[in-house]
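Asker: This structure is in structure tokens; I'll ask about it shortly.
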Amino acid sequence: MAWIVKNSAAAQIDRRDQPYLDQDLKTHIETDVLPRYPTKRAALLPILHAVQHKHNWIPYQALEEVADFLDIAPAEVADTATFYEDFWLQPKGKYLIMICQSITCELMGQVNLLEKVKAKLGISVGQTTTDDRFTLMTAECLGSCDTAPVALVNESLHEKLTPENFDRILDSLS
Ligand code: FES
């Protein structure tokens with residue numbers, strides 16, 4: 001196995017003038033989040049979730065703003081954000097499709113379903129359509145094996161999927 005070294009020190013961070021951790025978000029965090037934790041840094045995970053909930057992803061600029069807000073090093077925030085798959089450090093589509101690829105769903109037709117969705121959207125797993133509407137991912141067991149194959153579209157679970165009925169579901173999204 002070969003290690004691939006990324007030149008992170010020379011990486012450029014896209015920046016905008018308007019902060020991602022704006023006053024509304026800070027007020028929400030100070031009012032609703034921080035009182036539930038013994039220290040500010042202990043609230044890092046819910047703060048990252050709040051940023052992602054507002055912006056649909058977490059830009060690197062936002063990681064720096066969170067670090068500044070919590071008085072911790074940006075590297076600590078980046079460590080946490082990159083550890084958990086739930087955090088999106090690149091933009092994702094309006095609709096996040098997560099097709100279960102675990103054994104029951106696989107036995108019930110997930111492979112064909114995934115191929116049809118890839119062909120319909122013109123993207124592979126991990127990619128986003130050029131109109132920013134759909135991001136396609138796979139997931140491990142979503143806990144609904146009895147209605148396999150299943151997929152999540154944002155927070156909605158869709159069960160007993162076929163290429164045809166999932167096609168209609170995707171077409172119905174605004
Ligand atoms: S294997 Fe797909 S929901 Fe369990």
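The numbers here are math on the coordinates, done by the rules we state, and not lab data. Since this is a predicted model, take the numbers as computed values, not measurements. Positions of Cβ are backbone-derived with ideal geometry, glycine not excepted, and every protein chain shown enters the neighbour counts.
Asker: Which of His158, His55 has the fewest other C-beta atoms within 10 Å, and how do the rest follow up to the most?
Answerer: Placing the least packed residue first, the sequence is His55, His158.
Asker: Express in nm, to one decimal, how much length is gained between Ile103 and Leu34 on full extension, taking 0.36 nm for each residue of separation and deducting their alpha carbon distance.
Answerer: Value of the extension gain: 20.8 nm.
Asker: For the range 29-77, run through the trypsin sites (Lys or Arg not before Pro) and keep only the ones in DSSP coil with at most 16 other Cβ atoms within 10 Å of their Cβ.
Answerer: In loop regions of the range 29-77 (DSSP not H, G, I, E or B), the sparsely surrounded trypsin sites (Lys or Arg not before Pro) are Lys40.
Asker: Related question: Placing unit charges on C-beta atoms (Lys and Arg positive, Asp and Glu negative, everything else neutral), compute the dipole magnitude of the chain about its Cα centre in debye, rounded to 20.
Answerer: Its charge dipole is roughly 240 debye.
Asker: Just flag the chymotrypsin sites (Phe, Trp or Tyr not before Pro) in the range 68-174 sitting in loop per DSSP whose Cβ has no more than 10 other Cβ atoms within 10 Å.
Answerer: Those that pass, being in a loop and sparsely packed, are Tyr84.
Asker: So how much slack lies between Ala9 and Thr129, counting 0.36 nm per residue of separation and subtracting their Cα-Cα distance, in nm?
Answerer: 40.2 nm
Asker: So what is the relative contact order of the range 2-152, in percent, for Cα pairs below 8 Å that sit 6 or more residues apart?
Answerer: 19 percent
Asker: While we're looking at this one, here's another question. Check each of the GluC sites (Glu not before Pro) in the range 1-107 and keep only those in coil by DSSP with at most 10 other C-beta atoms within 10 angstrom; list them in order.
Answerer: Filter output for the range 1-107: Glu85.
Asker: For the chain, give me every cysteine whose Cβ has no other Cys Cβ within less than 4.7 Å, ordered by residue number.
Answerer: Lacking a cysteine Cβ partner under 4.7 Å: Cys141, Cys145.
Asker: Under a 5 Å amide H to amide H cut-off, with H placed in plane at 1.01 Å, what residues pair with Ala139 once short-range neighbours are removed?
Answerer: Placed amide hydrogens put Ile99, Cys100, Gln101 under 5 Å from Ala139.
Asker: Using 0.36 nm times the number of residues separating Ala2 and Asp167, minus their current alpha carbon distance, what extension gain do you get?
Answerer: Value of the extension gain: 55.3 nm.
Asker: Could you name the lysines in cross-link range of Lys92, using Cα to Cα under 25 Å and dropping any fewer than eight places away on the same chain?
Answerer: Counting by Cα, and skipping residues close in sequence, Lys92 has these lysines nearby: Lys6, Lys26, Lys54, Lys116, Lys118, Lys120.
Asker: In whole angstrom, note down how far apart the Cα centers of the range 25-41 and the range 124-148 are.
Answerer: With the range 25-41 and the range 124-148 each reduced to a Cα centre, they are spaced 32 Å.
Asker: Taking H placed 1.01 Å from N in the peptide plane, check which residues at least 5 places from Tyr95 or on another chain put their amide H under 5 Å from its amide H.
Answerer: Close amide H contacts, sequence-distant or interchain: Phe134, Thr135.
Asker: Here is a follow-up. Per the helix-only calculation at 222 nm, which mean residue ellipticity applies to the chain, given -39500 (n - 2.57) for every DSSP H run of n ≥ 4 and division by its residues, nearest 500 deg cm²/dmol?
Answerer: Estimated from H runs of four or more residues: -11000 deg cm²/dmol.
Asker: Among Pro59, Tyr37, Gln23, whose Cα projects farthest towards the positive end of the dipole of the range 19-68, with charges put on the beta-carbon of Lys, Arg (+1) and Asp, Glu (-1)?
Answerer: With unit charges placed on the Cβ atoms, the residue in question is Tyr37.
Asker: Something else: Rounded to the nearest 0.05, what FRET efficiency is calculated for Lys92 and Lys54 with R0 set to 22 Å and r the Cβ-Cβ distance?
Answerer: That pair, Lys92 with Lys54, gives E of 0.95.
Asker: Where a Cα-Cα gap under 16 Å defines reach, which aspartates and glutamates qualify for Lys40, not counting those fewer than 8 residues away within the same chain?
Answerer: Excluding near neighbours in sequence, the set is Glu30, Asp32, Glu64, Glu65, Asp68, Asp71, Glu76.
Asker: How many nm is it between the label spots at Asp68 and Glu85, if each spot is 7 Å from the Cα in line with the beta carbon?
Answerer: Taking the two extended label points, one gets 3.3 nm.
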